[in-house]
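The values are calculated or read from the model by the stated rules, or taken from the named source; none is laboratory data. These figures come from a predicted structure and were not determined experimentally. Glycine also receives a Cβ, built like all others from the backbone with ideal geometry; neighbour counts cover every protein chain displayed.
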Amino acid sequence: MKQIENLYEQYSEKIFKYLYYLTGHVDEANDLTQETFYQVILSIVRFKGDSQISTWIYSIARNTYLKHLRKEKKALAFEESYFTDQKCTRLTPEEILEKKETLASIAMVLNKLPENYATVLILRDKEGLSYKEIGSIIKISEASVKVTIFRARKKFKEMFSAMERGDFIYE
């Protein structure tokens, strides 16, 4: 049990952030994080050590999220509150507002991307995972990860540019 506690202490915040970036809801990310670690407890005896423990936990988190999506099938929204940077004290109110608007736009585009694109972008750009780790999590080759990230970034840029031009569909 101590091993599980250590894993939770070490990875719960990272898993929460990953799930928050995907869901856009603090409460939903909390619930999914708890469900992820519940699944970790149930599955720890089957962990073979073929990958890093962090990769294995991210895989469980992704599967938990996908299962949740299948159950809920609802539109994803965004809560600005989690993205508010506590280190903004030296910024002017206008700069803080601009930063919040940019983060809200980024999150909105992430929520509109296909799940596999959002996942690879979050895992690579926000979590800093290697191509190999991402491949293990989403069960594709390292080369496929690189291609998917390239395509995801291209699609993200297109959608973000459309949003800036006012051509973005918010459905």
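Does the range 150-165 include one or more residues that are touching a helix residue (DSSP H, G or I) at 6+ places or on another chain (Cβ under 6 Å) and under 28 Å from ILE53 (Cα atoms)? Scanning the range 150-165, I find at least one residue that is touching a helix residue (DSSP H, G or I) at 6+ places or on another chain (Cβ under 6 Å) and under 28 Å from ILE53 (Cα atoms), so the answer is yes. Among the residues here, ILE96 does not qualify as outside the structural domain of SER51 (by TED's automatic domain parsing), without any contact (Cβ under 8 Å) to a residue 24 or more places away in the chain, over 17 Å from LEU19 (Cβ atoms) and in a loop (DSSP other than H, G, I, E, B). Scanning the range 120-171 for residues being more than 18 Å from the chain's Cα centre (by Cα), modelled with pLDDT of 90 or more and not in a helix (DSSP H, G or I) gives a total of 1.
If only residues of the range 37-60 that are touching a helix residue (DSSP H, G or I) at 6+ places or on another chain (Cβ under 9 Å) and among the aliphatic types (A, V, I, L, M) are counted, the one that is surrounded by the most Cβ atoms within 10 Å (Cβ to Cβ) is ILE57. Looking only at the range 112-130, count how many residues are among the small types (Gly, Ala, Ser) and either over 18 Å from GLN52 (Cα atoms) or crowded, with 17+ Cβ neighbours inside 10 Å (or both). Adding up the residues that qualify gives 1. Annotation: of all residues in the range 61-76 being surrounded by 11 or more Cβ atoms within 10 Å (Cβ to Cβ) and not aliphatic (A, V, I, L, M), the one that is modelled with the lowest pLDDT is GLU72.
ASP50 meets the conditions (1) part of a helix (DSSP H, G or I); (2) closer than 18 Å to GLU133 by Cβ in every case but one. The failed one is (1).
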